[in-house]
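Take a look at the structure set out below.
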Amino acid sequence: MKISKVVVKNFRLLTNTTIELENELSIIIGKNNVGKTSFLKILSIFINGNGKENFRFEDFSIGLQREILELEDKLESGKEFSLPSVSLELNIKYEDSDNIGNINSLIMDLDDESNRLILLCEYIMVVDARQRILKDFHKFQEQYTEEGFSEFIKANVLVYFEKKVYALDPTNHENKKELEPKELHNIVSMEYIGAQRDVDNNGGSQILSGLASKHYAAVKAIEDENEEFSDLHKVITDTDKKLTEKYEPIFSEIVAEIRDMSYGKKEAEIQVESQLNENQLFSNNTKVTYKHSDTVLPEEYNGLGYLNLFAIIFNIRIQVNRLRNSTAALKILFMEEPEAHTHPQMQYVFIKNIKKILAGYQNENFAFQTIMTSHSPQIVSQCDFTDIKYFRRDETFNQVKALNLSELESRMNNSDSSEKWKRAFRFVKQYITLDKAEIFFASKAILIEGDTERILMAEMMRKLDEENKSNSDWLENRLQSQDISILEVGAYSQHFKELLDFIGIKTLIITDLDSIKVRNRKATYVSDPEATLTSNSSLKTFFGTDILEILKNLEDSQKMLNSNDGGKTWEVSKNGQIKIAYQTEENGYYARSFEDAFFAKNIGFVKENFSEFKGLKNRNTFEKNPNDYYEIADKCIDKKSAFALDLILLDGEGETGKRWEIPGYIKEGLEWLQK
């Protein structure tokens, strides 16, 4: 029996969000402030909380808050309105072999082939609130004459709400059965491991020792009759006897004095006995150490990363044992950002092993689902695509969608050329999992082609920020303070078109015009009369043409694109999600690539620092053809990476302190991205 789908409505950013859960592990990812913690919170409120005291007015979605604040006019005029509510819907699937005792009475679907049940948890305005709110508001105004309906309802709204739980017929939601809120605990149980684990490595820290005590208590609650616990109890009993014998001579004198105070024989005779308590032994007299070579060291001598990793494993064990002790039909383990305080390599190790560890706890008589939130590219890179749920915020409607990363494969599926799309999907998947899963947590992205742009991009962003420092919105639009993921994708940015639409973040694609001769398709100057085509696959894919003249004549506004079909095709849009930046005419010259665009813009800087460049060759070309930037770029750059590093090293170092400038097409692209 598993929860297959969760639907959240009107809770913070989760205005109408559907999250599909996997049978074993579901990993929820996304950039900051997209509702990952909100999902945990609403599960906790309904499943573990009492549903009322745990809500606040600010927990309602913006739309629901607005709806509640506008109730005054409807109440005054007597207009009918639907009762505002926050809801959590759990879609449950079960098999014929499952023990459905806890939910048997809730199954209303008579179709034998449909093994489904829906539980609806609502925090809804009570029916008589229509009469009570106005009456209470008028009393409020008598006391607080300057306060309006908005202040009143914000402070008192929760008084008019209650928690309701229903079992719904999956085929007819009007057919429902109301449950007592406490009955939900017999159906669903959830244990939670938070991101704040109180782990530190200050002297005296005993966090692991404390967790060991909790682990012992949790295991004992389930396995008290096991041989190990019987043996432990025997050892403690035997120890009590030995300690009591040792106490006798120590306390003999005071025992005699007390006995002598007796009115009668043995009326005031006492005995001091040992009474060891198992739980207290672990709480107060047990410590965790770790071995380093041949030395045993205290737990706080461990690094913070290891302490956190050990604490996670202890916590998982503790919470799993609590789930095992629960009689609920459905069990959930929720882990929030397990990567906290661990370095990247440790995160790799954790995610590679966690599935195996979780599976080891389960058998045919005990199973649970794990939900994990993460902000770690390392964890994402090692996950199965099918496990990942991407929370994407739609800024236009201020709501969150939960997308399955496995959907990306179907988006890239092009039946007209099956092998090609499969190869493209493998490429994108391998590229992300090997190196660039950070894009899922970024606010914006830049796709670049080669080493030169990759090495210089941070410096170009810094230059633009410095140039705009006097602007009133500088701090807000400063590129270096924005969360921008930079991906070096070579000549394959077209393969990322479905992914870019999927994640929905603002993206700048920097590419090259790549002019070629139509006769032999060889690279040539853009100004060459025979140069009528581009060899750039990205330009051909996004703009639907390889005709050079069309690409040269596109306005800047025509290079901003949106997709309406899952990223398969892209169309011009003034509010485009992506922008394609490639060479434009600058100072009378039309460049083909970044390198000749750079020389055309900065030939004075290069000449001033000529002798200091390590990445140049064929230096006489500068004298023979000083204005032929295409030939200079083609023949004079020895290694592109070395040339790029020269530019960073020599910037502002010449006799006049001259600095190089950003090629115009890249500058325009970055200016678009920064806003």
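If I ask for residues that are more than 18 Å from Gly567 (Cα to Cα), open to solvent by 20 Å² or more (accessible area, probe 1.4 Å) and in a helix (DSSP H, G or I), which ones from the range 363-410 would you list?
Pro377, Gln378, Thr386, listed by residue number.
Among (1) under 30 Å from Gly664 (Cβ atoms); (2) open to solvent by 10 Å² or more (accessible area, probe 1.4 Å), there is one condition Phe427 misses while meeting the rest; what is its number?
That leaves (1) as the condition not met.
Residue-by-condition table, conditions (1) in contact (Cβ under 8 Å) with a residue 60 or more places away in the chain; (2) among the charged types (D, E, K, R); (3) buried (at least 18 other Cβ atoms within 10 Å of the Cβ):
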position: Ser4; (1), (2), (3): yes, no, no
position: Lys9; (1), (2), (3): yes, yes, yes
position: Asn16; (1), (2), (3): yes, no, no
position: Ile28; (1), (2), (3): yes, no, yes
position: Gly35; (1), (2), (3): yes, no, yes
position: Asn54; (1), (2), (3): no, no, no
position: Gln65; (1), (2), (3): no, no, yes
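Out of all the residues in the range 80-94, is one or more hydroxyl-bearing (Ser, Thr, Tyr), more than 24 Å from the chain's Cα centre (by Cα) and open to solvent by 70 Å² or more (accessible area, probe 1.4 Å)? Spell out how you get there, then give the answer.
First, pick out the residues of the range 80-94 that are hydroxyl-bearing (Ser, Thr, Tyr): 82, 85, 87, 94.
Now narrow it down to the ones that are more than 24 Å from the chain's Cα centre (by Cα): 82, 85, 94.
Those left that are additionally open to solvent by 70 Å² or more (accessible area, probe 1.4 Å): 82.
Scanning the range 80-94 turns up at least one residue that is hydroxyl-bearing (Ser, Thr, Tyr), more than 24 Å from the chain's Cα centre (by Cα) and open to solvent by 70 Å² or more (accessible area, probe 1.4 Å).
Please determine whether any residue of the range 331-350 is β-branched (Val, Ile, Thr), open to solvent by 10 Å² or more (accessible area, probe 1.4 Å) and over 22 Å from the mean Cα position of the chain (by Cα).
In the first step, residues of the range 331-350 are kept if they are β-branched (Val, Ile, Thr); the result is 332, 342, 349.
Cutting the leftovers down to open to solvent by 10 Å² or more (accessible area, probe 1.4 Å) gives us 342, 349.
Next, from what is left, pick out any that are over 22 Å from the mean Cα position of the chain (by Cα): none.
Looking for residues that are β-branched (Val, Ile, Thr), open to solvent by 10 Å² or more (accessible area, probe 1.4 Å) and over 22 Å from the mean Cα position of the chain (by Cα), one finds none in the range 331-350, hence no.
Residue-wise test of (1) within 23 Å of Ile100 (Cβ to Cβ); (2) among the aromatic types (Phe, Trp, Tyr); (3) part of a helix (DSSP H, G or I).
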site	(1), (2), (3)
Asn315	no, no, yes
Asn321	no, no, yes
Arg324	yes, no, yes
Lys331	yes, no, no
Met335	no, no, no
Pro338	no, no, no
Ile351	no, no, yes
Lys355	no, no, yes
Ala359	no, no, yes
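Every residue in the range 490-519 that is open to solvent by 10 Å² or more (accessible area, probe 1.4 Å), without any contact (Cβ under 8 Å) to a residue 60 or more places away in the chain and under 17 Å from Glu449 (Cβ atoms), please.
Gly490, Ala491, Gln494
Restricting to the range 644-660, what's the tally of residues that are touching a Phe, Trp or Tyr at 6+ places or on another chain (Cβ under 8 Å) and not hydrophobic (A, V, I, L, M, F, W, C)? I'd like the intermediate steps shown before the answer.
Here is the first cut: in the range 644-660, the ones touching a Phe, Trp or Tyr at 6+ places or on another chain (Cβ under 8 Å) are 646-647, 650-651, 654, 658-660.
Next, only the ones that are not hydrophobic (A, V, I, L, M, F, W, C) stay: 646, 651, 654, 658-659.
Residues in the range 644-660 being touching a Phe, Trp or Tyr at 6+ places or on another chain (Cβ under 8 Å) and not hydrophobic (A, V, I, L, M, F, W, C): 5 in total.
So Leu88 passes all but one of these: (1) at pLDDT 95 or above; (2) assigned to a loop (DSSP other than H, G, I, E, B). Which condition number does it fail?
With respect to (1) at pLDDT 95 or above; (2) assigned to a loop (DSSP other than H, G, I, E, B), Leu88 is out only on (2).
Cβ-Cβ under 9 Å, sequence separation 6+ or interchain: first residue in the range 547-565 and under 13 Å from Val526 (Cα atoms), partner in a loop (DSSP other than H, G, I, E, B) and among the aromatic types (Phe, Trp, Tyr). Which pairs?
Leu551/Tyr582
Can you give me the number of residues within the range 54-79 that are over 34 Å from the mean Cα position of the chain (by Cα) and acidic (Asp, Glu)? Show your work before the answer.
Of the residues in the range 54-79, the ones over 34 Å from the mean Cα position of the chain (by Cα) are 70-79.
Keeping just the survivors that are acidic (Asp, Glu) gives 70, 72-73, 76.
So the answer is 4.
Out of the residues in the range 104-136 meeting the condition of being part of a loop (DSSP other than H, G, I, E, B) and at pLDDT 80 or above, tell me which one is most open to solvent (accessible area, probe 1.4 Å). Break it down into steps so the answer makes sense when it comes.
Initially, the range 104-136 is screened for residues part of a loop (DSSP other than H, G, I, E, B), giving 107-115, 126-128.
With at pLDDT 80 or above added as a condition, the list becomes 115, 126-128.
Values: Asn115: 33, Val126: 20, Val127: 102, Asp128: 72 Å².
If we take residues in the range 104-136 being part of a loop (DSSP other than H, G, I, E, B) and at pLDDT 80 or above, then Val127 is most open to solvent (accessible area, probe 1.4 Å).
Across the range 159-175, what is the total count of residues that are at pLDDT below 90 and surrounded by fewer than 16 Cβ atoms within 10 Å (Cβ to Cβ)?
Number satisfying all stated conditions: 5.
If you take the residues of the range 466-488 that are touching a residue at least 40 places away in the same chain (Cβ under 8 Å) and acidic (Asp, Glu), which of them is least open to solvent (accessible area, probe 1.4 Å)?
The qualifying residue least open to solvent (accessible area, probe 1.4 Å) is Glu488.
The values are calculated or read from the model by the stated rules, or taken from the named source; none is laboratory data. Predicted model only: the values in this text are computed from it and were never measured. For neighbour counting, all protein chains shown are included, and Cβ atoms are generated from backbone atoms with ideal geometry for every residue, glycine included. Note: accessible area is taken over every heavy atom of the protein model, side chains too, but ligands, DNA and RNA are not part of it. Shrake-Rupley method; radii C 1.70, N 1.55, O 1.52, S 1.80 Å.
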